[in-house]
1. Quick one: net charge around residue 266, please, counting Lys, Arg +1 and Asp, Glu -1 for every other residue with C-beta under 11 Å from its C-beta.
2. Rounded to the nearest 0.05, what FRET efficiency is calculated for residue 65 and residue 188 with R0 set to 35 Å and r the Cβ-Cβ distance?
3. By how many nm would the segment from residue 132 to residue 281 lengthen if fully extended, with 0.36 nm per residue of separation less the alpha-carbon distance?
4. Find which of 62, 211, 124 sits farthest along the positive direction of the dipole of the chain, computed with +1 on the beta-carbon of Lys and Arg, -1 on that of Asp and Glu, about the Cα centre.
5. Treating only the Cα positions of region 137-259 as identical point scatterers, give the base-10 log of I(q)/I(0) from the Debye formula at each q in 0.10, 0.12, 0.13, 0.21 Å⁻¹.
6. How many Å² of accessible area per residue for the chain, probe 1.4 Å?
7. Could you grab the relative contact order for the chain? Cα pairs under 8 Å, six or more apart, rounded to a whole percent.
8. For the chain, just run the numbers: alpha carbon Rg, then divide by 2.2 N^0.38 Å, N being how many residues it has.
Amino acid sequence: MDIIGGSSSQLLASRIANESGARLILTEFKEFPDGEQYTRILEKPDTDVVIIQSVVKDPDFITLLQLIDACEDADKITVVIPYMGYARQDKRFKDGEAITSRALARAINADQVILVNIHNEEILKYFNAPAKNLDATGMVGEYLKELKLAKPIVIAPDGGAIGIARNAAEILGTEYDHLEKKRLSGERVTITPKKLDIEEKDIILIDDIISTGGTIAEAISIFKSEASSIHVACVHPALTGNAVLRLFHAGVASITSTDTIEKGTSKVSIAPLVADEIQKI
Ligand code: R5P
């Protein structure tokens, strides 16, 4: 089995190769002056290939399609999309809208697809190939344990992230809860204050994705005066624009994420999780 690392997941693909003992195939990427992507696999791959490529920006998806196409001689192609952008466009909210996650999924021609904490598991059904969703929240929980917080409580900013909060809380052996969020725009949300016993506690706000940081910043403003400390964790650190500054400015003590998107906050590598899964194939 060979690992083919895409442009947006170079470090993670290398870690997965090391972890699984599979060969890491060298690939190269360029952008033409008009913005078109160029992708080439520089070694002849095995008949069984695993392509690792997160879709953070639109060109990442083109690169993924190019890598799949370049592997046309393989007998089996597994595509790992650690972070799948557009997953929040998972349904038709208004007439005439595209279900973009479905459009992307349908364009992927592979034998098997592996995702990580996909925003909505319904997306798995959009792929033509069997698709599996891996859960990295246990690994995030294990890392949070290392922070040795005196009185931790895990809080999800909305009901959608309650499963993530529960998983992390179970590992930490602590309590968890969730807030109610209403989205006003791409950057602004309101969160209904909730009576929680958080005095002198170490709050861990956890979500699947942190994008602009608006959701978490709003949650922080509710707890800031009473909590002992506030920590933030997520699986996918999209962290667009000034999100990192926004969170620290709002008062967080730390941000923890995985490397589904490779950022400075990526303290937890999902490489063992993916390596374990591809070895079962
Ligand atoms: C949405 O439902 C997601 O779970 C996240 O809460 C959301 O993507 C966070 O976005 P932002 O950081 O821009 O508020």
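The values are calculated or read from the model by the stated rules, or taken from the named source; none is laboratory data. Just so it is clear, the structure is predicted and the values come from calculations on it, not from any experiment. Heads up, the Cβs are rebuilt from the backbone with ideal geometry, glycines too, and the neighbour counts pull from every protein chain shown. To get the accessible areas, we keep the full protein, side chains included, count just its heavy atoms, and leave off ligands, DNA and RNA. Shrake-Rupley method; radii C 1.70, N 1.55, O 1.52, S 1.80 Å.
1. Once all neighbours under 11 Å are counted, the net charge is +1.
2. Computed FRET efficiency for residue 65 and residue 188: 0.55.
3. Result: 52.5 nm gained on full extension.
4. Checked the options; the winner is 211.
5. The computed values of log10 I(q)/I(0) come out as -0.25, -0.36, -0.43, -1.23.
6. In whole numbers, the chain has 47 Å² accessible per residue.
7. Here the relative contact order equals 15 percent.
8. 1.04
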